[in-house]
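To start, the structure itself, in structure tokens.
The numbers here are math on the coordinates, done by the rules we state, and not lab data. This structure is a prediction, so every number in the text was calculated from the model and none was measured. We place every Cβ from the backbone using ideal geometry, glycine too, and count neighbours over all the protein chains shown.
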Amino acid sequence: MPNQEAAFSWRKGILTVIMFAISILFLLPFIWMLVTSFKIEKDVFVYPIEWIPKQWNAITNYKEVWVGEYPFWKYYLNSIKVAVITTIISALVSALAAYGFSKINFKGSGYVFMIVLATYMVPHQAILIPQFILYRQIGLFDSHLGLILLGSFSVLGTFMLRQFFMGVHQEFIESAKIDGANHFKIFMNIALPLVKPAVATYAILRFIWTWNDYQNPLIFLRTDKLFTIPLAMQKFTSLSGEFYSLIMAAAVSAILPLLLIFIIGQKSVIEGIALGGVKG
Amino acid sequence: METPSQAAVSAGLKKRTKSSSLASGENLAGWLFVSPMLIGVFVLVLLPILATIVLSFADWNFVQGWDGIDWVGFGNFEKLLHDDQFIRSVRNNFLFLFAVPIYMFISMVLAVIIDRHVYMKAYFKVAYFMPYISSIVAVAIVWQVLFQPSYGPINQLLKSLGIDNPPMWIADPKFALISIMMIVVWTSIGFNMIIYIAGLQSIPKDLYEAADIDGAGGWTKFTRITFPLLSPTSFFLLVTGVISTFKVFDIIAVMTQGGPIGSTSLMVWYLYDTAFVNLKVGYASSIAAVLFLFVLAITVGQWAAQKRWVNY
């Protein structure tokens, strides 16, 4: 297909319209969630569905979710704390290891890397029980620190960042060494700045995964005031019973920060996922 | 495309050849750089793997304390063979595999269309990706309401279309697993599509130009160029997809808790239920060991199969 960029193609235009319609259908659950969160409760299941609420109740609903009986803001703070600290530690640990495995030629690195990567295929559920026992023994159970540590040693992060460090030319490193720099200086001043976009991509992904993580908080947290958003979301749902407009307002609130981060960083997230073939 | 475990092997082979020019300073620096990661992986992954295997030979309940451990050899595994709930969970796990080719097919079609045949590519990528990045708990709760049997929007729509007895979805043992699979298809399309688009972009453009010169139609180009050259991508997605079905947990925990009557219990759910609800640690560890073996078998199997199926 030569010069397809040059002129408007009707075929392409029509396909775009069809695909747009399909994408709306695909996104309907989200649209329904958003619209419902603005409604008064008795309009929630009115059929045919009112896609534009007849009676708006948005402010009351969201106020109830955020500062009501089970106030979301508390759990938001927990989630932000856990996700931010996990992301920072995990990015740092992964970047250090990735540099070590790609740019330092040390004895046994090949085997060690092989072992680390092999642990990637272990399903997390298969090691939950010993982790649980260990956490009970050393006092990390039911604490944010414990939760943070569980997300801090990412084989995937190491693998992904290693791919990028391998793209840093060896000459940069050799010439810095001749100038007397040690590996730590080279890492901080040369290598890390060169792979900054990759670290940012990984950080966004790690933040999203930590924010959404349900299984670890479910097993490793007990105290309500430590709950992160997914647990709080579930508890709010069981407390709210039949108040679906409130539940949907809570669901929107749980997804919103991710959506913002994703829309801001979408290019690097999509490219990062495509490059690393990464899966949470 | 390489999966991490494949890369592990090639890295192991590569590093061995160039080790003569090592200074001891390099050794120390290397170990220092990787040590935080190593310690974490050792304490939180490697030790627990060993512990899981050891515990799978024990009959032990959390509340009994260390003294309550009773070593039973392969007793747990023998019990698993006669445990209906476990067998049903394994069967459900295998049924769940059918979701993988379905979302791969949809993703491939979408990727081909979006990569070449539409405007506003960026919008489409974001739109189809949304379920993947959304909180699975929030998504599961929304679907729970959508699937509500009597007044939920989906059944209201079906009734208005003249279907008098629409399925009860997650409340019906016959439909519950399929309902969950539908949601997993919906959330997985975005990830698979993005990987397929990346795969498409690595196909050389001149192949299509040559096909145009030879007068090949769109279908011929798809079956002779696109589909075969996407096979490494498809293979990668198949393997990660199959493994990920063995890890499906959140959506089951939020929506059905394995029910109704065990119809959506997957191995991982049964493991959780046995360990953290019924507190039977030894027995749950034997489930974990079986789960681990399944994933290991798939990973080893992929290496064997890859050479035969994939065109590079």
Could you work out the mean count of beta carbons from other protein chains within 10 Å of each residue's beta carbon in B:114-126? 5
By the scheme Lys and Arg +1, Asp and Glu -1, what is the net charge of all other residues having a beta-carbon under 14 Å from that of A:ASN78? +2
Residues of type lysines that B:LYS79 reaches as a straight line, Cα spacing below 17 Å, ignoring anything fewer than 8 places off in the same chain: B:LYS280
Using alpha carbon centroids, what distance separates the range B:56-100 and the range A:128-198, in Å? 36 Å
Residue order, fewest to most beta carbons within 10 Å, for A:TYR70, A:TYR99: A:TYR70, A:TYR99
List A:TYR214, B:TYR123 from most exposed to least, where exposure is judged by having the fewest other Cβ atoms within 10 Å. B:TYR123, A:TYR214
Straight-line reach from A:LYS39: which aspartates and glutamates have Cα under 12 Å away, leaving out those fewer than 8 places along the same chain? A:GLU50
Averaged over its residues, how many other protein chain Cβ atoms are within 10 Å of peptide B:80-93's Cβ atoms? 0
Which value, in debye to the nearest 20, describes the size of the charge dipole of the range B:97-265 about its Cα centre when Lys and Arg Cβ atoms bear +1, Asp and Glu Cβ atoms bear -1, and nothing else is charged? 120 debye
Below 8 Å between Cα atoms, with a sequence gap of 6+, how large is the relative contact order for the range A:59-279 in percent? 33 percent
Alpha carbon centre of the range B:157-177 versus the range A:18-62: separation in Å? 21 Å
With angles folded into 0 to 90 degrees, how steeply does helix A:196-212 sit against the dominant principal axis of chain A? Use alpha carbons for both and round to 10. 40 degrees
For each of B:VAL277, B:VAL295, A:VAL116, count neighbouring Cβ atoms within 10 Å of the residue's Cβ, then give the residues from fewest to most. B:VAL277, B:VAL295, A:VAL116
List every residue whose amide H lies under 5 Å from the amide H of B:ASP59, counting only residues 5 or more places away in sequence or on a different chain, with H placed 1.01 Å from N in the peptide plane. B:ASP70, B:TRP71, B:VAL72
Cβ under 13 Å from B:PRO167's Cβ, B:PRO167 left aside: what net charge do those residues give with Lys, Arg +1 and Asp, Glu -1? 0
Quick one: net charge of A:PHE243's neighbours, Cβ under 12 Å, K/R +1, D/E -1? -2
